[in-house]
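Visitor: Right, I'll just put the structure down here and ask away after.
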Amino acid sequence: MENKGDKVALITGITGQDGSYLAELLLSKGYQVHGIIRRASVFNTERIDQIYQDPHESHKRLFLHYGDLSDASNLNHLLKVIQPAEIYNLGAQSHVRVSFDIPEYTANIDALGTLRLLDAIRENKISTKFYQAGSSEMFGDVLQTPQTETTPFNPASPYGAAKVFAYQICKNYRAAYNLFICNGILFNHESPRRGKTFVTRKITRGIAAILAGKQDKIYLGNLDAKRDWGYAPEYVSAMWLMLQQDRPDDYVIATGETHSVREFLQRAFSLVGVTDWEKHIGVDPVYYRPQEVNLLLGDASKAKRQLDWQPKVKFQELVRIMLEADLRDAGLDPAKFMRQ
């Protein structure tokens, strides 16, 4: 774990979608990257396994540590040992629907976990830059459209409420202790590494399974919910850009477009030439939230202006990228099934 002059970064949630893309980005920039992973009876590192096949041997600058955002003692110890120049707090219970089932756990990890990390920085007097993964779900039952950095929060789930606490405690510690802390208010961002229980991935995996003859229907909840969907690798670059600024600030990261789940279905099925897609969809009330969020649409003008960041991959291409990947995972040749 010798530091040979590389900039040192710590990522919580490194085995998740965003964490894996961020680790690749930082390694490509010459960082020494440390990640916190939870101990489990099976390995859950498939999203970062490809780093270990890197011909440039960037895996020699990647270090994984057992830990948990519920364990303050462990977090204090890791920060003291690693002394990171940058910390990216991506670890969370991140499924909104599930947060209604396990609200206390969600609050403990997403809200208090952030506070534990901030206190570890403060107590160890570590000179570091801190990125907090906020969410468009903090806007919840939106009070203004589109949503910007000044739009009032109105969370409609335990997940959203926990993320609002984390956002506010970051602002508080930034002001009270003069810490370099940035909040990224990221709208939905997807990729072939998106968790399999999230709606976009359920759709693209489901279509691949239907074409492979392994299932007939995809069961979903609210088809009319509208989201601002972007491409995860582009969004992690925005995280990095925030911590490269001279002063900490908070930024909305979004595409500025909103599309419904129904539109996602239409686009994905049309790519494989299926027009009567409704027969493959079942609506199951179990997937509805107790309180729905019907419309999210972000305005990333500030990020464009101050970070020189803007999305390149938009909705149509995003659906194609995800569907191609899941067809390949199902053993199907995208060229044989997908239309141009």
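Visitor: So, with a 1.4 angstrom probe, what is the percent of accessible area on the range 156-212 that is carbon and sulfur?
Guide: Values: 950 of 1870 Å².
For the range 156-212, the apolar C and S fraction of the accessible surface comes to 51 percent.
Visitor: Among Phe153, Leu118, Leu143, flag the residue with its Cα farthest along the positive direction of the charge dipole of the range 114-156, charges on Cβ as +1 for Lys/Arg and -1 for Asp/Glu.
Guide: So the residue furthest toward the plus end is Leu118.
Visitor: Roughly how tilted is helix 17-28, in degrees to the nearest 10 and between 0 and 90, from the longest Cα axis of the chain?
Guide: So the helix axis and the longest Cα principal axis differ by about 60 degrees.
Visitor: To the nearest Å, what is the center-to-center distance of the range 155-174 and the range 300-340, using C-alpha atoms only?
Guide: 30 Å
Visitor: In Å, what Rg and Dmax follow from the Cα atoms of the range 237-317?
Guide: Using the Cα atoms of the range 237-317, the pair Rg, Dmax is 17.7, 54 Å.
Visitor: Hey, which lysines would be in cross-link range of Lys7, C-alpha to C-alpha under 23 Å, not counting anything within fewer than 8 residues on its own chain?
Guide: Those lysines meeting the cut-off are Lys29, Lys60, Lys80, Lys125, Lys129.
Visitor: Let me ask something else. Sorted by mean Cβ packing within 10 Å, highest first, what order do the peptides 259-272, 156-169 take? Walk me through the numbers before you get to the answer.
Guide: On the way: 259-272: 19.1, 156-169: 23.0.
In descending order of packing, they fall as 156-169, 259-272.
Visitor: Helix 261-271 sits at what angle to the longest principal axis of the chain, using alpha carbons and giving 0 to 90 degrees rounded to 10?
Guide: Orientation of helix 261-271: about 60 degrees from the principal axis.
Visitor: Using 18 Å as the Cα-Cα cut-off, could you pick out the over-long pairs in Lys163/Lys312; Lys171/Lys226; Lys202/Lys226; Lys226/Lys312? Walk me through the numbers before you get to the answer.
Guide: Values: Lys163/Lys312 27 Å; Lys171/Lys226 29 Å; Lys202/Lys226 16 Å; Lys226/Lys312 20 Å.
Beyond 18 Å: Lys163/Lys312; Lys171/Lys226; Lys226/Lys312.
Visitor: Give me the Kirkwood hydrodynamic radius of the chain in Å, from all C-alpha pairs, to one decimal place? Provide the component values of the computation, followed by the final result.
Guide: On the way: mean 1/r = 0.0483 Å⁻¹.
It is 20.7 Å.
Visitor: Something else: Counting only the backbone N, which residues of the range 187-209 are under 18 Å from the spot 7 Å out from the Cα of Tyr105 toward its beta-carbon?
Guide: Residues passing the 18 Å test: 195-198.
Visitor: Ok, one more. Using only Cα atoms and rounding to the nearest 10 degrees, what angle (0 to 90) does helix 113-124 make with the longest principal axis of the chain?
Guide: 20 degrees
The values are calculated or read from the model by the stated rules, or taken from the named source; none is laboratory data. Keep in mind that what you see is a predicted model, and the values were worked out from it rather than measured. Note that each Cβ is placed from the backbone with ideal geometry, even for glycine, and that neighbours are counted across all protein chains shown. For the accessible areas, the whole protein counts, side chains as well, though only heavy atoms, and no ligand, DNA or RNA atoms are used. Shrake-Rupley method; radii C 1.70, N 1.55, O 1.52, S 1.80 Å.
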